[in-house]
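S.K.: Here you go, one structure.
The values are calculated or read from the model by the stated rules, or taken from the named source; none is laboratory data. Here the structure is a predicted model, which is why all the values come from computation and not from measurement. Heads up, the Cβs are rebuilt from the backbone with ideal geometry, glycines too, and the neighbour counts pull from every protein chain shown. These accessible areas exclude ligands, DNA and RNA; they are computed on the full protein's heavy atoms, side chains included. Shrake-Rupley method; radii C 1.70, N 1.55, O 1.52, S 1.80 Å.
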Amino acid sequence: MSIRELTPEQARARQLDGVLLIDVREAHERAGGMAEGALGVAKGALLADPGRHLPDPEREFMLICQSGKRSGDAVAVLAEAGYGRLASVAGGTVAWRVAGLPLVQPLLDADERDFYDRYSRHLLLPQVGEAGQRRLRQSRVLVLGAGGLGAPASFYLAAAGVGHLRIADDDVVERSNLHRQIIHTEAAVGMAKVASARERLLALNPHVEVEAIRERVSSDNIDALMQGVDVVLDGSDNFPLRYLLNDACIKHAKPLVYAAIERFDGQVSVFDAGRQRGQAPCYRCLFPEPPPPEFAPNCSEAGVLGVLPGLAGVMQATEVLKLLLDIGEPLTGRLLRFDALQMRFRETRITADPACPVCAPSVPFPGYIDYAAFCSHRA
């Protein structure tokens, strides 16, 4: 069918004669500016109940969107529903702005204005949108470690609007940290890492809550740290803590986003056996035993390319956001390895071990063990 279109100038003239102009964009789009005098009703809401917003089918209405496509589509649907005096504004608000016609910003309180401005690029993504962004704001993530992995990951999680970050680390900032732990600065040397991280994250996004826990994570406090969180991000650098986190996530049925780095190599995965017993593997399914120390030196012994933790940490943050939003395909059951020197990536499938002593479906949680002794014994 033929859609009646008006130029912005024609629509403005009709509007001044008393014809109602309706902006059918989403609220976050209208927050950036809308035609003066227009009524904001999202296309979905308008088409779901046109009688509520357009009670008189004989009245003349005009619809406007960003470019003219959505308004044109809405006019076609409404015409079939019996509305005969409708028009779409050609070129939408983009053309309206180019024509120099008056635009206004909706009245919003400071928090809502910040929300729409800060996350405007997220809000444009259908996979996120306003509902997803508000979901992120209600989410809670536990970040174990404010070092090489935790630094970039927490930076991006705060920037993305994850509402509550609980960061646990008992270390202090050293100058040798600064080439890779980008959340810390020269002025923070000697400061507790969690305090330094909290300061920087709040400077980036004052609307997130950052809970700084300056404690050494152990079997004694891990259950308290897990309370109320949606996802756990492993930024640890030692095997005892990795096994502890794995077991705690199975006990509390929380997904664990894992990464490890060494020299020029890194690996990332998601372990979700706590929620998917028998289907998704856990860390123990991949590494039933820790390797001998000579095969897994830490950064202080082997060195590390400064950008490497950034690569792995940003991947971890990406996986956390996907889990919180329930979008895409997480790295569950897949180990992604990368070689930064050659810039090559390799993916390995991981399956759940039916004989795993912690995550097998029929196995009750065995309780925490002495992880330091377990790792030293195996070594």
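S.K.: Here are some conditions: (1) open to solvent by 50 Å² or more (accessible area, probe 1.4 Å); (2) part of a loop (DSSP other than H, G, I, E, B); (3) farther than 26 Å from R121 by Cβ. Q66 meets all but one. Which one does it not meet?
M.R.: All conditions are met except number (3).
S.K.: Sort through L125, L107 and tell me the only one that's under 30 Å from V162 (Cβ atoms), part of a loop (DSSP other than H, G, I, E, B) and either modelled with pLDDT of 90 or more or basic (K, R) (or both).
M.R.: That would be L125, the only listed residue that is under 30 Å from V162 (Cβ atoms), part of a loop (DSSP other than H, G, I, E, B) and either modelled with pLDDT of 90 or more or basic (K, R) (or both).
S.K.: Could you go through segment 60-73 and let me know if any residue there is within 20 Å of L6 (Cα to Cα), free of Cβ contacts under 8 Å to residues at least 40 places away in the same chain and more than 33 Å from the chain's Cα centre (by Cα).
M.R.: no
S.K.: Determine if segment 72-83 includes at least one residue that is in a loop (DSSP other than H, G, I, E, B), charged (D, E, K, R), open to solvent by 70 Å² or more (accessible area, probe 1.4 Å) and at pLDDT below 95.
M.R.: Within segment 72-83 (the criterion being in a loop (DSSP other than H, G, I, E, B), charged (D, E, K, R), open to solvent by 70 Å² or more (accessible area, probe 1.4 Å) and at pLDDT below 95), the answer is no, since none of the residues qualifies.
S.K.: If a residue counts only when it is at pLDDT 95 or above, crowded, with 18+ Cβ neighbours inside 10 Å and in contact with a Leu (Cβ under 9 Å, 6 or more places away or on another chain), which helices (runs of 4 or more DSSP H) contained entirely in segment 269-355 have at least 3 such residues?
M.R.: So the answer is 308-325.
S.K.: Is at least one residue of segment 146-156 within 30 Å of I369 (Cα to Cα), surrounded by fewer than 24 Cβ atoms within 10 Å (Cβ to Cβ) and touching a Pro at 6+ places or on another chain (Cβ under 9 Å)? Spell out the reasoning first.
M.R.: Pass one, segment 146-156, residues within 30 Å of I369 (Cα to Cα): 146-151, 153-154.
After this cut, where a residue has to be surrounded by fewer than 24 Cβ atoms within 10 Å (Cβ to Cβ) as well, the list is 147.
Now narrow it down to the ones that are touching a Pro at 6+ places or on another chain (Cβ under 9 Å): 147.
Yes, segment 146-156 contains a residue that is within 30 Å of I369 (Cα to Cα), surrounded by fewer than 24 Cβ atoms within 10 Å (Cβ to Cβ) and touching a Pro at 6+ places or on another chain (Cβ under 9 Å).
S.K.: Report the residue count in segment 167-181 for those that are over 19 Å from I261 (Cα atoms) and crowded, with 22+ Cβ neighbours inside 10 Å.
M.R.: Qualifying residue count, segment 167-181: 3.
S.K.: I want to confirm something. Restricting to segment 187-212 and keeping residues that are in contact with a His (Cβ under 9 Å, 6 or more places away or on another chain) and touching a residue at least 24 places away in the same chain (Cβ under 8 Å), which single residue is nearest to A151 (Cα to Cα)?
M.R.: A197
S.K.: Related question: Please indicate, with yes or no, whether at least one residue in segment 190-210 is over 13 Å from F155 (Cβ atoms), acidic (D, E) and part of a strand (DSSP E or B).
M.R.: Scanning segment 190-210 turns up at least one residue that is over 13 Å from F155 (Cβ atoms), acidic (D, E) and part of a strand (DSSP E or B).
S.K.: Checking the conditions here, which among V257, V270, V304, V208 is more than 26 Å from R137 (Cα to Cα) and of a type in the set (A, V, I, L, M)?
M.R.: Selected residue: V304, the only one of V257, V270, V304, V208 that is more than 26 Å from R137 (Cα to Cα) and of a type in the set (A, V, I, L, M).
S.K.: Would you pick out the residues in segment 39-60 that are touching a helix residue (DSSP H, G or I) at 6+ places or on another chain (Cβ under 8 Å) and either of a type in the set (D, E, K, R) or open to solvent by less than 40 Å² (accessible area, probe 1.4 Å) (or both)?
M.R.: Hits for segment 39-60 are G40, V41, A42, K43, L46, P50, L54, E60.
S.K.: Which is of a type outside the set (S, T, N, Q) and free of Cβ contacts under 8 Å to residues at least 40 places away in the same chain, of G51, G33?
M.R.: Of the residues listed, the single one that is of a type outside the set (S, T, N, Q) and free of Cβ contacts under 8 Å to residues at least 40 places away in the same chain is G51.
S.K.: Applying the selection to segment 224-247, what residues are surrounded by 20 or more Cβ atoms within 10 Å (Cβ to Cβ) and free of Cβ contacts under 8 Å to residues at least 60 places away in the same chain?
M.R.: R242
S.K.: Among the residues of segment 130-152 satisfying the criterion of being of a type in the set (G, A, S) and touching a residue at least 40 places away in the same chain (Cβ under 8 Å), which is farthest from H179 (Cα to Cα)?
M.R.: Taking the candidates together, the pick is G132.
S.K.: Taking R140 as the residue in question, decide whether it is out of contact with any Gly (no Cβ under 8 Å at 6 or more places or on another chain) and not small (G, A, S). Let's see the steps before the verdict.
M.R.: Working: out of contact with any Gly (no Cβ under 8 Å at 6 or more places or on another chain): no; not small (G, A, S): yes.
When the stated conditions are applied, R140 does not pass them.
S.K.: For segment 251-266, what are the residues that are within 14 Å of V358 (Cβ to Cβ) and open to solvent by less than 10 Å² (accessible area, probe 1.4 Å)?
M.R.: L256
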